[in-house]
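Worksheet for the structure shown next.
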Amino acid sequence: MKRYLKNFFIDFSDDMIEKLKNISKLVIFPKDKILFYEGDNARNLYLLVEGEVSVYKTYENGSVQLLRYFKPLSLVAELANIHKIPYPATGKCEEESRIIIIDFNRFQTLFNNKDEFVLSQSILMNSIAGKLFYHMNFNSFRPTKKLSNLQQVIYLILDDIDILNKKKHWKVAQTLNISPESLSRAIKKLKENNLIDIDENNNLYIINKDKMKTFIE
């Protein structure tokens with residue numbers, strides 16, 4: 001566990017890592033295990049170190065909107081802890097996952113030294129900032145300019161093309177809140193423009209990242 005903590009909290013001193021280790025526990029969750037439900041109180045930080053976690057919202061009519069897949073190393077849903085609000089979505093393990101659970105209240109009072117406290121908070125803020133940028137791109141926070149289906153697919157590919165290689169495309173389309181047909185058309189167009197291609201293992205890969213970025217500028 002100490003190795004995982006050091007890899008994520010990379011600027012922490014050995015003493016800070018040791019303190020953090022004392023308020024943390026490493027848990028192995030089976031596939032389909034729910035980490036937290038939408039509406040639960042946020043009491044812990046969840047650091048995903050192996051496996052994959054999906055976060056999704058469920059609406060009154062029974063429909064489900066998949067918001068994002070999380071891969072190691074990343075914190076999951078820490079924004080709820082920071083703002084002291086219930087989880088706005090549900091987190092579920094998509095495969096067997098190793099997750100470090102950190103007691104958030106103890107984390108907030110763990111470091112008495114001012115510099116250590118500022119460092120601990122900056123890591124949380126940087127993690128949140130990265131997620132906000134991701135969600136802004138996918139319209140989750142109502143950006144001023146709505147993205148086309150093609151632009152959403154490009155942002156996804158630039159962020160993590162492996163999602164298209166590992167997930168069913170209908171599930172990826174659900175993540176983007178577009179139809180599977182729209183996703184297929186976008187992929188076809190990117191192939192026709194020689195921006196992506198398929199390797200011998202039938203996996204998509206990027207040919208020209210710079211040219212691809214011109215479609216979203």
Qualifying strands (runs of 3 or more DSSP E) (wholly inside region 1-69; at least 3 residues being crowded, with 18+ Cβ neighbours inside 10 Å and in contact with a Leu (Cβ under 8 Å, 6 or more places away or on another chain)) = 44-50, 53-58
Filter region 167-217 for residues that are part of a loop (DSSP other than H, G, I, E, B) and hydrophobic (A, V, I, L, M, F, W, C) and give the result.
-> I178, L195, I207, F215, I216
When restricted to L164, L147, the only residue in a loop (DSSP other than H, G, I, E, B) and either modelled with pLDDT of 85 or more or not β-branched (V, I, T) (or both) is L147
Between a first residue in region 110-124 that is in the same structural domain as L79 (by TED's automatic domain parsing) and a second residue that is surrounded by 10 or more Cβ atoms within 10 Å (Cβ to Cβ) and among the polar types (S, T, N, Q), which pairs have beta carbons less than 6 Å apart while being 6 or more apart in sequence or on different chains?
-> F111/S120
Those residues of region 162-184 which are under 13 Å from Y69 (Cβ atoms), of a type in the set (A, V, I, L, M, F, W, C) and either exposed (fewer than 14 other Cβ atoms within 10 Å of the Cβ) or in contact with a strand residue (DSSP E or B) (Cβ under 7 Å, 6 or more places away or on another chain) (or both), in sequence order = I163, L164
So is E94 within 28 Å of L176 (Cβ to Cβ) and at pLDDT 95 or above or not?
-> no
Search region 107-117 for residues being surrounded by fewer than 14 Cβ atoms within 10 Å (Cβ to Cβ) and within 19 Å of K6 (Cβ to Cβ), and hand back the single one that is nearest to the chain's Cα centre (by Cα).
-> D115
Filter region 185-217 down to residues that are under 19 Å from L147 (Cα atoms) and under 23 Å from the mean Cα position of the chain (by Cα) and give me whichever is surrounded by the fewest Cβ atoms within 10 Å (Cβ to Cβ).
-> K209
Consider E52 carefully, then state whether it is in contact with a helix residue (DSSP H, G or I) (Cβ under 9 Å, 6 or more places away or on another chain) and without any contact (Cβ under 8 Å) to a residue 24 or more places away in the chain.
-> no
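The values are calculated or read from the model by the stated rules, or taken from the named source; none is laboratory data. Bear in mind that the values here come from a model prediction, so they are computed numbers and not experimental data. Positions of Cβ are generated from backbone atoms using ideal geometry, with glycine treated the same way; all protein chains shown enter the neighbour counts.
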